[in-house]
Amino acid sequence: MTVAPGIIARLKETAGPKGFTEDPQEIAPHLSEWRSKYHGHTPLMLKPASTEEVSRILAICNETHTPIVPQGGNTGLVGGQIPIGGEVLLSLSRMNQIRDLDAEGMSITAEAGVILAQLKRAAEDAGRYFPLSLASEGSCTIGGNLSTNAGGVDVLRYGNARELVLGLEVVLADGRVLDLLRTLRKDNTGYDLKQLFIGAEGTLGVITAAALKLFPLPKERATAFAAVPDVGSAIKLLAMMHDTTGGLISAFELVPRIGLDLVLAHIPQTSDPLTAPSPWYVLIEATSGAGGTLATVFADALGQAISTGLASDAVIASSEAQRSQLWRLRESLSEAQKLEGASIKHDISVPIAEIPRFLDQGIAAVSRLIPGARPVPFGHLGDGNIHFNFNAPRGGDEGAFLARWDEVNRAVHDIVLHFEGSISAEHGVGVLKRAEIARTKSATEIEIMRALKRTLDPHNILNPGKVVTAS
């Protein structure tokens, strides 16, 4: 599509001298996503510094039927933040202020462009904890986190992004500001409108600020890397750790041996924490608000797991440095896969009890399609979310492998549906899975989604072509 010069001039005037760029070099990093699967183009990147500026920009776009794509830290993995059709790009990066932090009321109010790691540090400085934790937290932003309903490693204890939101400030397609920025814990006055915009990937409105829940800062943290013989044993270990700690497990991450090997091969200053190899590992973390007993209970539970055969070995971090080293093994898996070469990825969830059967059937299905494809399933076993990824066969044609992405997706997603799971657990839909959700959701679900889109964005200007079509 082409945006008329007169519209571009109006948008530039509204944004002000610091609020836009047409410099190709400055814009370029915003046009490709991390996997390099999607590449976009735009005539103009807008960089508003306030909600009022976003409001005026969207009013112009709505009046002129000019499509616009909101973008946070550009860490999304499904193409939802990329202006693939040449739309105007709206970067929220300059809206990066923490507006309020209420330590006693356990809340923090931040603008959409605040980087997650900065928000977490601000909370910690106030003696509070914001639990959303992602490998990309050094660059992802709060607006993007909420627009994709981000998950991460602490979902097991604290829930995903949706469950951490008290209130939102949203600019609608026509420029109206929907002020839902409240810190109330209880409000039973009709529809919970904020939930419409969480996970909507900017297709229904642009999130400009959020009021978020804080928690007591953990006083004690126990972290272990344990070897398990199979995924079924890992699930039994999860249940045992829940029971033994009284529900204090915050993260329970699955790592396959091939994944650990890729990290050791490609990521500097990493080492195998255990002496003997195992087909599977789990990274376990528990947190407590009152120190003094968790470490003992945690260690005793792991000892029991080893004595009963649920685990063969385990190492418990004895310092923050050791904890960081263990977490680096898990958080480097995606980077290591990328460095290894071409990979086809899935972000699925199934009931936890069905994960072993899903893995068996999914690996078998992809192996039939592409003999030699290397399965690297890893991730959030504790909440049923597996990043079910495959690297290209060793020495094979990577281009030919990637050309079969849709075919592999369909085979895997059919198995996910058999287990009544989800084809997108935390990454969103974007472009990558738009056709798949049309295939996997009921006609009634799709029609309700389209009705919401038509109601809130009748001219289809907000991130068009993402998540769901307007008709």
Can you give the Rg to Rh ratio of the stretch 98-216, both from alpha-carbon atoms, with Rh computed by the Kirkwood formula?
0.94
For the residue pair LEU264 and ARG99, what label-to-label distance in nm results when each label sits 7 Å from Cα along the Cα-to-beta-carbon direction?
5.0
Going by a ≥ b ≥ c, the root eigenvalues of the Cα gyration tensor, does the stretch 48-126 fall in the rounded group (a/c under 1.5), the prolate group (a/b larger than b/c) or the oblate group?
oblate
Would you kindly state how much longer the chain becomes between TYR191 and GLU63 on full extension, computed as 0.36 nm times their sequence separation minus their alpha carbon distance, in nm to one decimal?
43.3 nm
Relative packing of peptides 9-21, 404-416, 192-204 - highest average C-beta neighbours within 10 Å first
192-204, 404-416, 9-21
Treating only the Cβ of Lys, Arg, Asp and Glu as charged (+1, +1, -1, -1), what charge dipole size does the chain show about its Cα centre? Round to the nearest 20 debye.
420
Estimated distance in nm for a label pair at ALA443 and ILE306, the labels positioned 7 Å out from Cα along Cα-to-Cβ:
5.9
For SER50, put the label point 7 Å out on the Cα→Cβ axis and report which residues of the stretch 89-103 keep their amide N under 19 Å from it.
91-100
Can you pull the Kirkwood radius for the chain, inverse mean 1/r over Cα pairs, to one decimal in Å?
23.3
Quote the FRET efficiency, to the nearest 0.05, computed for ALA321 versus LEU402 with a Förster distance R0 of 30 Å and r equal to the Cβ-Cβ distance.
0.20
Per 5 Å bin from zero, what fraction in whole % of the C-alpha pairs of the stretch 220-334 is there, up to the bin with the longest pair?
2, 13, 24, 25, 20, 11, 4, 1
Cα centroid separation - the stretch 97-171 against the stretch 266-323, whole Å:
27
By its C-alpha gyration tensor, with a ≥ b ≥ c as the square roots of the eigenvalues, how is the stretch 161-245 shaped: rounded for a/c under 1.5, else prolate for a/b larger than b/c, else oblate?
prolate
Given Cβ charges of +1 for Lys and Arg and -1 for Asp and Glu, the option among LEU237, ALA211, GLN195 whose Cα lies farthest towards the positive end of the dipole of the stretch 165-237 is LEU237
Given the DSSP H assignment, sum -39500 (n - 2.57) over each helix run of at least 4 residues in the chain and divide by its residue total; what's the result at 222 nm in deg cm²/dmol, nearest 500?
-10500 deg cm²/dmol
Residues in the stretch 365-383 that a label on HIS418 would reach, taking backbone N under 20 Å of a point 7 Å out along Cα→Cβ:
365-378
So, with +1 on the Cβ of K and R and -1 on the Cβ of D and E, and no other charges, what is the size of the charge dipole of the stretch 5-91 about its Cα centre, to the nearest 20 debye?
140
Computed over all unlike Cα pairs, the Kirkwood hydrodynamic radius of the stretch 341-427 in Å stands at 12.8
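Every number in this text was worked out from the coordinates using simple rules, so none of it is lab data. This one's a predicted model, so the numbers in the text were calculated from it and none came from an experiment. Cβ: placed from backbone, ideal geometry, glycine included. Neighbour counts: every protein chain shown.
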